[in-house]
Each structure stands twice: as C-alpha cells, then as structure tokens.
Amino acid sequence: MIVLAWRSLAARKAAILAALLSVVVGSSLVTAALSIASAQEQHGAASVTSWRFGGVDAVVKPPAGVQLSSGLTLDLPSMPRLSPQQIDEIRGAPGVAAVTLESPFPAYLATSGGTVIGNAFTRSWGHPWSTAVADSASLAEGRPPSRPREVAVDESVAVADGISVNDRVPVVFAARTDEFTVTGIVERPGEQFEHALFFTDETAARLGGAPVAALVSVPDAEGLRDAVPGLQVLTGEDRSGSLQLDLRQAELAGGSGQFLMVTAFLALAITVFVISSTLTVSIGQRRRELAMLLVVGTKPRLIRRMIIWEAVLVGALGGAVGAAVGIGLAELARRFFVAQGVMARGTVVSVEPLPVVAGVAAAVVAALTAAWFPARRATRIAPLEALREADVPTIAAGRTRAIVGWVLLGTTAACLTGAFVLGGPVTTLGGTIALMLVLSAFAFLIGAGVLLGPTLLRGVLAPLGVLLRRWFGGFVAERSIRSDLRRAAGVSVPLTLLVAVSAVLLFQDSANYQARSHVYADQVTADVVVTGGVQLGVPLSTVDALDDVPGVAAASGSISSQLILDDPPTMRSTGTVTGVDPAGLDRVLSYQVAAGSWADFAEGSIAVSQIVADEKGWDIGDTASFLYPDGTPGSAVLSTTYVDPMGVSDTLLPLPELVPHVLEPFASAVYVAVEPGTDEHDVLAAINDVLSTAAPGTQAVDREQHLAQVATQASGDNWIVLMVVVLLGGYSGVSAINVLVASTMSRRREFALLRLAGARRPQIIGSLLVECLVVGTIAVLAGTVVAAATMTGYGYLLTGTVWLPFVGPSYLVIVGCAYLAALIGTLAPVRTAMTADPLAGVRAW
C-alpha cells in the first residue's frame, strides 16, 4: 500500500506541489520558532554576560533566586549583595589564597559632544581593576588606574569617542558627574556585551557599595563550598554566567523565549489549518479517480489506506524538508533578533530533537487530519453514486461537519460571555481567566469558520446571486461556487486566517499601547519631564541640580523595578514597584486614591494598588512584608491604596528606601512642576542649561512633547509584532495562492466546456475574477468577524467598556493583501489552464 501511495503521488507531481509547499513552509516555521525558543532557555545565563573570569578559580555569590511559599524558586529582579559576615567567611575558608570583590555600578563616559557612550543594547558599567585581572584582561596601552581620579576604559569605549591615554573625560554616575584621567586602554577576551570602565578597587568600592560577588583564588573549591554553605561557589564554565548586569538582556533571555513559544504555538495552529485546507482541496480534486477505483471493485478500506499513506508520505517528506529548512531559518532569525536587541546576545541555536520532531509531527498530523475525513466520506457511498458526485459534487455540507461547526460557534459564544461576566482588569485572577477565555474563543471561532464555510458561502450567495446572475461572468461565477461549496470554502480558509491572525496581532498591540498611554497621560501632571537616552534613564543627581533652578516648584525621579510579594502567599508572587519622592509626588504625578491619603505616604510607608491590596487582604495601617529587588527582607506600613487598572505600578515606595536595593539606580524620568505664574519656556531653557553639565545625555521637554515622544517610541517598538504578522500572515497568503493555483488548474475541463459552448477567454477570466472577489470578500468578512469578536472582548478586559481597538490603515493593508493573494492565485495560472485545445481538454477527461 505504501508503494501504491508513492506511485499515486509520483503520477500527480504538479497537483501535489502546492500541498507539499504548504507542508514545508509550515513545518519550517514551527521548527524555527521552537529552536530559537529552546536556545533561549538553554543558553539564557551565559548569553547575557561577557564575563568569563578565567583568571580566578571560583566566583562566590549569593543565590540569585528566592524560594516561594509554594516551593517554587523565583529569580530576583536584581543581583543580591554579599554581607560583611559572608565576606569574612569567604576570606577565612581553608586554602583561600586571594579574594577580590566585584562591586559593579552604572558609569557612562560622556563624549565631547555631550552624549554618553552606551545605549539600550550595550550598557556601560564601572568595575574595580581587580575584576579586569580576574577576567584575564590585558592592557593594549597605558597602565592600570592607581589614583581615585583615574580610569581605564575598554576598547569599545575608546573607539567610540577616539579616546587616548591621558585624556580627561567626564563620567556620569547615578549620584553625580565627575572628571577622570584615562590611564589605559583594556582588551578583554571573547565577545563583549557591555562597555566597561575600570577604577581603583577603593574607588569602585565607594561608588558601587556592597559587592555582588567575590573572585577567589583557591585550589580546593569543595572546601570553600563547605565553608560557605549558603552561597553559590561557581567554578569552570559556570563562572561565565555569574555576573549578569544587564537587566534588559536578562529579561530578554526569559521574556523572548516566552514570546517565541507563543509565536511557535500560533505557527503550529496556522500550519494545521492551512495544511488541512490545502490537502482537503487537493483530495477533493481526485473525486473522479476515487470513484473509478470504487467502480472497478477496489475495497473502500484499501482506498482509505492509500489516501492515509499518501498523506503520511506528504507530511513526512514535507515535514523533514521543512524541519531542515527551519534549523537554518532559526539561525537567521537569531542573528536578526540579536541585532535588533530583542534576543539575548550569545544565544546559540543548535539542532535539538524536540523542535525537529515537533516540526515533522505538525506536518504529519495536519496531513492526516486533512486526509481522514475526505477519505472516509469518499468511500462510504455507493460506487455509482461516487462517480456521479465526481462530475456533479454535492452542494450540501456534511452533517457532521456542520454539527461540529455549530458546536464550536456555541462554545465561542460561551467563552466570550464568560469573559464579559468575569471582566477585568487582566492583572487579577479573574481577568487572567477571562483573557484565556478570549484567546480560546479566537481559536474556536476560527475552527467554526472553517467548518461552516460552505454554509456561510451558501447563505451569502442567496441574496448576492440575484445580482451576479445579471451578466455572464457573474452567472458562471455564482454557479461555479454553488456547484462545489467545499472547494470554495477550502480556498477561503487561508485567506480567513490571513485576515483574522494579522488583525488580532496588530490590534492587540494597538490596544495595549492605547490603554497604557491613556493611563500614563492621566498620571503625568508635571509641566516638564527630563529623560535620557532610550532606556538609559536619568542620574538621580539631576533632581538635586534641578531644585536650585529658579521657577522649579518640585522635582521627583521615578525608578521602576519589582518586589517579591509572597506574604501572605497568593496567586501573585511579584509586583511592579515605582520609587518616587513623597515630597513632590502630588505635584508631578496623579494616582486616583481608593483609600488613605498621599499626605501619609512618607518614609517607612508603602502605597499599593487597590487590586494588589484586595488580593493580599491589606488594609490601611497594616504592615506589608516583602522582599526588595535584591532579596533583602523589607516591610512598610500601608498608607494609601490607589486605582491602577493596567497594573503599571502595583506598589509605590519612597526613593531613598528603594535605591539601595537596585543595581542600576537611574531614574526612568524626572518629573518637574513649575511655579504658578512662571514662564514655562524660560524654566525649560534654564533646566536644559543645567543638564548640559550636570547630566550629559539628558533632555528636558514639556509634558505634551514628552507624551508625543512616548507615543513615537511605543509605535516604533511594535516592529517585532509586524514581523510576526508578515511571517504568519504571509504564510497564510502564500498558502492561499497555492490552493487557488491548484484549484484553478484542476478546472481545465470546465474551461474547455465553456469555450466549446462559445465563451471567449476574456469572459472566462471575468467570471474567475468575480468568483475570486466573492470568495475573497467572504474570507475577509469571516476573518474580520473573528478579529472583531476577539478584540472587543480583549478591549473590554483592558478598559471595562465595550471597546474595539481599530487601526484603519493597518486593516486596509491586511484586506488589500488578502485580495492580492486571491487575485494572484486565481489569475496567475489562467493562461496555462486555457492554452490547451478545448477538444483535447475534454478528451483528457
């Protein structure tokens, strides 16, 4: 039977090409997405740091995670620090020959043009010179720093601004900006993921505070482990992942893996639908062949086995080729993601069994799913009836197909109803369940659309047919669609997926942006906002400098991080925290108070969103216990609860209490209130004059300009979503073209009969164009309904109102692409399909 199936495929090379191409592309997308997601998980620790520490035997550091009440271990948002007692234990361990301490701190060298060397992808950190020695670094020029005002810079910093030994350069720290003399240019081994500035050990200890790691020379690492049981002792290759300073890269190491897994899931779902649709159309074109086999006495089970084995061969062959292509595609995607700063640098894509097996399995399962139902149906009718249906296909859709479709439609309605009943916000447990119901409704609604496609087509053609039958092209198109509703519905599936998936992805991103920007615009009441480079932040010393500017009434920095909220244990174990200055908070930011008062928000207190307070059972006056970002236990009296539906700031803490527990204490922004009656433009100019020397690389703008900048940055950050839309939507579009090409080519006998009946080629092409537009329009409408239902539910969870986030230009582009794919797939093969002699075309059948 396998041989017979293979010969059947070999005899239909051209017909099977479209199905095989869809299988290959779908399998490659699944394999590529899973491969790079797996690479992130496996190489996450080593991919976010350039430090190898080959010059020491061991790196000793506190555990980077904390165990929750549930027993799970959670990574800390910031690197924990060594206590004086732990340092003494390390120094007193048996066999320890030398110990140096690593106390990193953000340090940016300012160029002669007033900008800082460093960006969102390559941070700049200060280190003690002993760290360079421990990392086997060498001097390309000059000497090590030996005085408090001396610094050695790595080559990347020197090249960026043409720095030479003995140059005087300004260095921006969180607390101030000072001038230093460059004593040396440093070469470090391996690929570098950060700009490094090296100071004397004493200067680094003063600027960096308590160390995050001890670099130890010791012959007996096991003895060291026994002496410090509460600390991590990393040796060998484990030393490479010990110093993770770039929090953005650390977030990418985990966050992008989750994003890629979601992308892989979408690719898998679309692959199953597209391959099933393609093969269903392909098998439907063989009705005459299968009917003839039944007429000559072939047993139905043998025909079913032949079709199933054909599907297995197509799925296995296409899956194997697609998996191989997917490995190469994953490497290209990795390089692109790393270059764009959305994947941790150092990630390595290797050939892993799971992605390859998943890619092949997706292809085989989709092929089997597509082949099983047509094969079962084709062999359950009488031979002569099968032959009659091969020439005149049945108009009605299968009963089982229709029943399952209506069940899925009812399930969709139930999911959306449940989502509206539970409501938002999405940061609560009920909101999370509601969001899952909305996503489930999306999948169920697509399935219902696929299964009820023939019913939908027949319903649309009922009123539309009156108009179409008024001219020849419309009459032929309407009759052609009615004569084989399954073929037309199968053609529309990829187009429906193109519209639905693309619209949901784009509108979801727009919904998040619109909702968050609305909340942020309501919160910011400051007249002037000071920002740094993209995702670099502003030195906190800026606040002190601005206090002396005439006309400034209040200035408050804002630092964001996370707290561990495991007491009492609930579903929420972490929460975002924003550090602010209580003295000027009400002048620059506005949070709607739910209980308590901002007058009570001061040192030793905490403000919590109403959502978190309700979940934790905290009331005004209660003591809230938590862990700071570096794992240090903390507690504060709850003074205020406020409304924060988007979960942007779960908690607020006074700046002086949060700053010591974050490794990079740069403010995301500094908000400034101007004295009433003062000319805002004069104050703004004075602030920028102060910033040019006090904080190079920062800029002050008014509130409207700041909100416009935030909008521009947010709209520029959605390119990754656009790329996913292009990949998944493009796959659906290409598959639609393949299906349409195969469908058009299979209708050569129909075209020949029309030509024998007197129809001219332009008339036939016109009828195909009308048919293409009808099927394309129905697909666009179905995809739009799927996206609209999904996004209406999603918008309700974000805002609590029935709100559909709609982006007109994006939607028009999506619709245009759907029609373009339909036109290309229909009209491209027409010339070939009608070049043969009509009589020869009929005789061939």
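Side notes on the structure shown:
- Rounded FRET efficiency, nearest 0.05, which uses the C-beta distance separating Leu332 from Asp547 and R0 of 56 Å: 0.60
- Sequence-separation-based contact order of the range 58-248, relative, with Cα cut under 8 Å and 6+ spacing, percent: 36
- The residues Tyr513, Tyr628, when put in order of fewest to most other Cβ atoms within 10 Å, stand as Tyr513, Tyr628.
- For a label point 7 Å along the Cα-to-beta-carbon line of Gln85, residues of the range 633-650 with backbone N under 14 Å: 633
- Using only side-chain charges placed at the Cβ, +1 for Lys and Arg and -1 for Asp and Glu, the dipole size of the range 533-697 relative to its Cα centre rounds to 340 debye.
- Order by protection proxy (mean Cβ within 10 Å, highest first), peptides 602-613, 232-243: 602-613, 232-243
- Here the spin labels are modelled as points 7 Å beyond Cα on the Cα-Cβ line, and at Asp567 and Val466 they lie 7.5 nm apart.
- Estimated FRET transfer efficiency when R0 is 25 angstrom, pair Asn166-Ala686 (beta carbons, to 0.05): 0.10
- Projecting label points 7 angstrom from Cα along Cα→Cβ for Gln709 and Thr181 puts them 3.6 nm apart.
- Potential extension, Ala97-Val643 segment - 0.36 nm per residue separation minus Cα distance: 191.0 nm
- Cβ-Cβ FRET estimate between Arg479 and Leu820, R0 fixed at 22 Å, reported to 0.05: 0.30
- Considering only beta bridges that DSSP places wholly inside the range 58-248, some 75 percent are antiparallel.
- Alpha carbon centroid spacing (whole Å) that separates the range 497-511 from the range 777-791: 10
- Normalising the average separation of contacting C-alpha pairs (under 8 angstrom, six or more residues apart) by the number of residues puts the relative contact order of the range 533-697 at 35 percent.
- Gap separating the Cα centres of the range 555-592 and the range 54-115, nearest whole Å: 25
- Taking all Cα pairs closer than 8 Å and separated by 6 or more residues, the relative contact order of the range 466-616 comes to 16 percent.
- Net charge over other residues, Cβ less than 15 angstrom from the Cβ of Gly223 (K, R count +1; D, E count -1): -3
- Using Cβ point charges alone (K and R +1, D and E -1), the dipole size of the range 58-248 about the Cα centre works out to roughly 480 debye.
- Ranked packing of 443-451, 465-473, 123-131, most packed first, by mean Cβ within 10 Å: 123-131, 443-451, 465-473
- Neighbourhood net charge (11 Å Cβ-Cβ; Lys/Arg +1, Asp/Glu -1) for Asp154: -3
Throughout, read-outs are computed from the coordinates displayed, never taken from laboratory work. Source: prediction; values computed, not measured. Note that each Cβ is placed from the backbone with ideal geometry, even for glycine, and that neighbours are counted across all protein chains shown.
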